[in-house]
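Enquirer: Can you read through this structure? Questions will come right after.
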Amino acid sequence: MALSKGQLTRQKMINLMYLVFIAMLALNVSTEVLDGFVMINDNIQESIEVTDERNKQIYADINASYDSNPEKTKDSYDRAQAVKVKTDSIFGYLQHLKLEIAKKSDGADADIDNLKSKDNLDASSEVMLSPVGGHGKRLKEMLDRYREVMVAQIPDSAKRKIVMSTLSTEPSPRAKKENKSWITASFENMPSIAVITYLSELQVNVKQAEGEVLNDLAKNIDLKDIRVNELSAFVVPQSSMVMKGVPYRANIILAAVDTTQRPRIVVNGKELPTEKNGMYEAGTGAVGTFRFNGFIEMMDRSGMPVKRDFSQEYTVMEPMATVAPHWMDVLYAGVQNTLTITVPGVASQDVQATVVSGGTLRASGKDWVAVPSASMIGQKFVISVSAKVNGTQQFIARKELRIRPLPEPLPFIEYTDQNGSPKVFRKGALARSIILNTPGIKASIDDGILNIPFQVLSFRTMSIDAMGNTAPEMSNGASFSSRQLDQIRRMTRGTVFYISTIKAKGPDGVERDLYPMEIRIN
């Protein structure tokens, strides 16, 4: 059962949509995204059914050949039975894991196909990673053994490479950078619906590997003529979901191909031109679900027409894009704000973004950097996102972000404690020795979201003696002046002094007067 180019394209799209939904979940998007996994899982279940039916037909052909000629077919028959036992074992185990995760999420009466707690982050970890009874290690071992057995029976190097890739248990490059194993990266803290969908994907990959082996076993006993007599029509879309304005494309093919003749294809009562080579294209001017049907016809070896009907549906959705600032849902004027801009199903290099108003925007690796204008504080930073989809540049979405001034920074004294750990002092009691060993003061925004340093331009120290007299001294930039250091050396324990009139400049170029610091000599 060799996969056609169109079927491989569809499988790649399913894989891509799976990864995109995982990435979007990391951005805390709505539960509607979780429902997207249900759609993907449903598509995978359809692929499993189609692949399983084709495999059953090959098993039936091998069995029929064995009944009529056991001596010729015995080797292929025995190997096919062994393949079936191994495939049914690992397929059933994957189904068992899906049910266990569903039960952990919804309870004993859980329904895999109607999961309620789709966002449960604990179920997959408990089932797959638990130190006692975790199934992750066993699943990896089973996949590794199954993959090696299947690959050893596939003579075509390109097909072997596909099976090795789809059943690989090697961690992804991103997981390797994070020192994660395949088991941890696949199942730790993942939503239940995502893991169930992933296990379904492994099931279809197992079935496809089974089909590749059966296909070669069938060839070994000259079943080509029998299989060609069982022609079926297939519609293989480039994607079952397309954006509004982007053409829907699908290949309409037969399961067996005769290169000496072109099939006659009729879609919705209209014959498809021969030069299209089976490529059907429909406009997508409106959103919704659409269906088309028809038939494909070609001559058999006796010259009689062989006709097969087909029908297919596809969904047109509105364009969407994710624009996620790294600093909440605002941009700060005058500084570089890092953004992540993605379009589901589109490679990052095909995504373009421009500023409609509010400042400047440029790409920076996989991220984007926005610099709002200081004059636009209180207004909107407007971004227009477009992407190249099927070779066509398509407008995707428009995003508006609020422009705010940078929060006020706070002054502090930075020092290292006796254990060598860095410390930040803002107010209260501090040893005089620590102050004397500190060059000066610093300032930054540090509110748990931003961590932006500021340049201290000047500050004043002022002490109050027992008579109530004050002695102000000015600094040299961010450092204590020699007079200020002498002033601090003369202070006794319990003396209170102030660092005030602090001027600092941030990355936006604006000079600010900062709040004073009150220090008691300890």
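Enquirer: Look through F381, F395 and report the one residue that is among the aromatic types (F, W, Y) and over 30 Å from T284 (Cβ atoms).
Expert: Exactly one of F381, F395 is among the aromatic types (F, W, Y) and over 30 Å from T284 (Cβ atoms), namely F381.
Enquirer: Exactly one condition in (1) in contact with a helix residue (DSSP H, G or I) (Cβ under 8 Å, 6 or more places away or on another chain); (2) surrounded by 13 or more Cβ atoms within 10 Å (Cβ to Cβ); (3) over 30 Å from N55 (Cα atoms) is not met by T87; state its number.
Expert: (3)
Enquirer: OK, next. At pLDDT 75 or above, under 37 Å from the mean Cα position of the chain (by Cα) and at positive phi - does that describe any residue in region 318-336?
Expert: For region 318-336, residues at pLDDT 75 or above, under 37 Å from the mean Cα position of the chain (by Cα) and at positive phi: present.
Enquirer: For region 367-400, name all the residues that are assigned to a strand (DSSP E or B), at pLDDT below 85 and either within 23 Å of the chain's Cα centre (by Cα) or not acidic (D, E) (or both).
Expert: D367, A387, K388, V389, T392, Q393, Q394, F395, I396, A397, R398, K399
Enquirer: Can I ask one more? Cβ-Cβ below 7 Å, separation at least six or inter-chain, first residue in region 150-164 and more than 16 Å from V83 (Cβ to Cβ), second of a type outside the set (K, R) and assigned to a helix (DSSP H, G or I): which pairs?
Expert: Final answer for the pair search is M164/V151.
Enquirer: Does G378 satisfy the condition of being closer than 28 Å to A443 by Cα and either among the small types (G, A, S) or in the same structural domain as G283 (by TED's automatic domain parsing) (or both)?
Expert: yes
Enquirer: Another question, then. Report the residue count in region 494-515 for those that are free of Cβ contacts under 8 Å to residues at least 40 places away in the same chain and not acidic (D, E).
Expert: Total meeting the criteria: 5.
Enquirer: Now a separate question. Can you tell which of S105, S68, S172, S124 is among the hydroxyl-bearing types (S, T, Y) and either on the phi > 0 side of the Ramachandran plot or more than 23 Å from the chain's Cα centre (by Cα) (or both)?
Expert: Only one candidate qualifies: S68.
Enquirer: For region 446-522, which strands (runs of 3 or more DSSP E) that fit wholly inside it have 1 or more residues that are aromatic (F, W, Y)?
Expert: The strands (runs of 3 or more DSSP E) meeting that bar are 451-464, 496-505.
Enquirer: Now for a separate question. With region 148-217 as the region, which helices (runs of 4 or more DSSP H) entirely inside it contain at least 3 residues that are of a type in the set (G, A, S), more than 21 Å from K137 (Cβ to Cβ) and in the same structural domain as Q45 (by TED's automatic domain parsing)?
Expert: Hits in region 148-217: 157-166.
Enquirer: Collect the residues in region 123-147 that are in a loop (DSSP other than H, G, I, E, B) and either touching a helix residue (DSSP H, G or I) at 6+ places or on another chain (Cβ under 6 Å) or surrounded by 13 or more Cβ atoms within 10 Å (Cβ to Cβ) (or both), keeping them in residue-number order.
Expert: G134, H135
Enquirer: Then there's this: May I ask you to list the residues in region 506-519 that are more than 17 Å from R404 (Cα to Cα) and touching a Lys or Arg at 6+ places or on another chain (Cβ under 8 Å)?
Expert: Passing the criteria: D513, L514, M517, E518, I519.
Enquirer: Kindly establish whether P411 is assigned to a strand (DSSP E or B) and either in contact with an Asp or Glu (Cβ under 9 Å, 6 or more places away or on another chain) or within 30 Å of Y498 (Cβ to Cβ) (or both).
Expert: yes
Enquirer: Moving on. Has region 418-428 got any residue that is outside the structural domain of T360 (by TED's automatic domain parsing), in contact with a Gly (Cβ under 6 Å, 6 or more places away or on another chain) and either surrounded by fewer than 12 Cβ atoms within 10 Å (Cβ to Cβ) or modelled with pLDDT of 90 or more (or both)?
Expert: no
Enquirer: State which residue is nearest to the chain's Cα centre (by Cα) when the search covers only region 429-444 and only residues that are in contact (Cβ under 8 Å) with a residue 60 or more places away in the chain and crowded, with 16+ Cβ neighbours inside 10 Å.
Expert: Per the criteria, the residue is A443.
Enquirer: Need the failing condition index for K72 against (1) touching a residue at least 12 places away in the same chain (Cβ under 8 Å); (2) under 30 Å from N189 (Cα atoms); (3) assigned to a helix (DSSP H, G or I), just the number.
Expert: Result: K72 fails condition (2) only.
Enquirer: In region 491-522, which residue that is in contact with a Phe, Trp or Tyr (Cβ under 9 Å, 6 or more places away or on another chain) and of a type in the set (V, I, T) is farthest from P372 (Cα to Cα)?
Expert: Across region 491-522, the extreme among qualifying residues is I521.
The values are calculated or read from the model by the stated rules, or taken from the named source; none is laboratory data. Since this is a predicted model, take the numbers as computed values, not measurements. Every residue, glycine as well, gets a Cβ built from its backbone with ideal geometry; the counts of neighbours run over all protein chains shown.
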